[in-house]
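Here the structure is laid out as structure tokens; the discussion comes afterwards.
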Amino acid sequence: MRLPEQVYKILVMGQNRFNKNIMPSTITSVGLVSSATGRFSVAPMINKTDRHCRFFMRQFSRHALLYTEMVTTNALLHGKGNYLAYSDAEHPLALQLAGNERNALARCARMAQAHGYDEVNLNVGCPSNKVKHGRFGACLMADKDRIASCIAAMREAASLPITVKTRIGIDEQDSYLFLCDFIDSVSTSGGCKTFIIHARKAWLNGLNPKKNREIPPLDYERVYQLKRDFSSLNIIINGGITTLNSAKVHLQQIDGVMIGREAYYNPGILSLVDSELFDDTDPLPNREAVIDVMLPYIEQELSHGTILGDITRHMLGLFHGVPGARRWRRYLSESAQRPGTGADVLIKALSCMQN
Ligand SMILES: Cc1cc2nc3c(=O)[nH]c(=O)nc-3n(C[C@H](O)[C@H](O)[C@H](O)COP(=O)(O)O)c2cc1C
């Protein structure tokens, strides 16, 4: 193992601590490759960041890198669903894979490239029982050689960036040395250049995924230290970040910030990402104008058989923090379930909110 000298020093020294009014009017410039660096990204979230959610989120930022939900290699290679479908407006876009078998992952990476994704990410952070029993996700932190081999195979199969999303540790394997050992192997033998680190460890026994996102304490300093010790790697921090101000503070130490739950429940937070983090002051639609963009999108989707609620459920947070937001949420969630309801439910929900 070739750990940076400084890591040894640290260990030896016993320091093992290691507006609402400015958003899209037209979505013109999409697919900005320069944004695919992960300086700011929205986290992969199962049952949340599907293609409708991503299309909606894209209205708030041209630059945020968006991630799909985790897709298993089995689903992709043998399933019947169209797991790779997305609309062009979603770029820059990363596909998150879950798997543990190099050939399968390599084939999936190739498929992602053929479909035009901007990045493929391997999930080494999910602690759910199902994932654990399939021997992928967070438990693979204990099998660094396998991950390195998988990443190497994916890199050989596809030329787009292959990244890893992981935790700072699992169960009792939570020392800084363990984390460094993992990063070192996967970057050196596997060739991975970008790591997204959820700054808390995962308990594989006893905590469900939800609790694993809340109970293990966040340790941002450990991620900062990782960046200092592996300065040539692209290190992105994730976990508990809820404001752009705190994102900016992190960006003084590391290369990128990933936000999950806050972006989903309060998508308005994304509306200042372009101007504040990418120096792009081109106007974006305000909240009402987002509705104007979503109307034709929904109509088109309905004509292809999509269920209305599958799109509108992601829009409940549109007016988060604005007076009347509760009326918006209630009208939308109740009405979208009624048979025969169309895209104009958005207009009615808006007027219900404003009256
Ligand atoms: C509903 C939900 C589903 C998630 N699904 C995934 C997933 O598919 N892949 C993954 O790597 N992380 C998943 N996560 C974890 C998030 O990507 C992120 O690491 C975590 O929520 C911490 O970031 P946050 O505090 O900004 O939300 C999920 C989180 C939530 C809340």
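The values are calculated or read from the model by the stated rules, or taken from the named source; none is laboratory data. Computed from a prediction, not measured in an experiment: that's the story for all the values here. Glycine gets a Cβ as well: all are built from the backbone with ideal geometry, and neighbour counts include every protein chain shown.
The rows are residues; the columns are (1) within 9 Å of the ligand (Cβ to nearest atom); (2) surrounded by fewer than 21 Cβ atoms within 10 Å (Cβ to Cβ).
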{"residue": "200", "(1), (2)": "yes, no"}
{"residue": "205", "(1), (2)": "no, yes"}
{"residue": "208", "(1), (2)": "no, yes"}
{"residue": "213", "(1), (2)": "yes, yes"}
{"residue": "236", "(1), (2)": "no, no"}
{"residue": "240", "(1), (2)": "yes, yes"}
{"residue": "247", "(1), (2)": "no, no"}
{"residue": "264", "(1), (2)": "yes, yes"}
Which one is nearest to the chain's Cα centre (by Cα), of the residues in segment 97-124 that are within 16 Å of the ligand (Cβ to nearest atom), farther than 16 Å from residue 137 by Cα and not in a helix (DSSP H, G or I)?
119
From the list 311, 291, pick out the single residue that is outside the structural domain of residue 68 (by TED's automatic domain parsing), part of a helix (DSSP H, G or I), modelled with pLDDT of 95 or more and closer than 22 Å to residue 44 by Cβ.
311
Expected single match for in contact with a strand residue (DSSP E or B) (Cβ under 6 Å, 6 or more places away or on another chain) and either assigned to a helix (DSSP H, G or I) or under 22 Å from residue 322 (Cα atoms) (or both) among 277, 270 is 277
Filter pass, residue 109 being surrounded by fewer than 23 Cβ atoms within 10 Å (Cβ to Cβ) and either assigned by TED's automatic domain parsing to the domain that holds residue 161 or within 25 Å of residue 193 (Cβ to Cβ) (or both):
no
Within segment 119-130, is there a residue that is at pLDDT below 95, closer than 15 Å to residue 170 by Cα and surrounded by fewer than 24 Cβ atoms within 10 Å (Cβ to Cβ)?
yes
Given the residues 37, 49, which is the only one that is more than 15 Å from the ligand (Cβ to nearest atom) and among the β-branched types (Val, Ile, Thr)?
37
In segment 147-186, anything within 21 Å of the chain's Cα centre (by Cα) and in a strand (DSSP E or B) is listed as 162, 163, 164, 165, 166, 167, 170
Collect the residues in segment 203-217 that are in a loop (DSSP other than H, G, I, E, B) and more than 18 Å from the chain's Cα centre (by Cα), keeping them in residue-number order.
203, 204, 205, 206, 207, 208, 215, 216, 217
Lone unmet requirement of (1) assigned to a loop (DSSP other than H, G, I, E, B); (2) surrounded by 17 or more Cβ atoms within 10 Å (Cβ to Cβ); (3) more than 16 Å from the ligand (Cβ to nearest atom) for residue 232
(2)
Considering each of 132, 165, 144 in turn, give the residue that is within 13 Å of the ligand (Cβ to nearest atom), closer than 30 Å to residue 176 by Cβ and among the basic types (Lys, Arg).
165
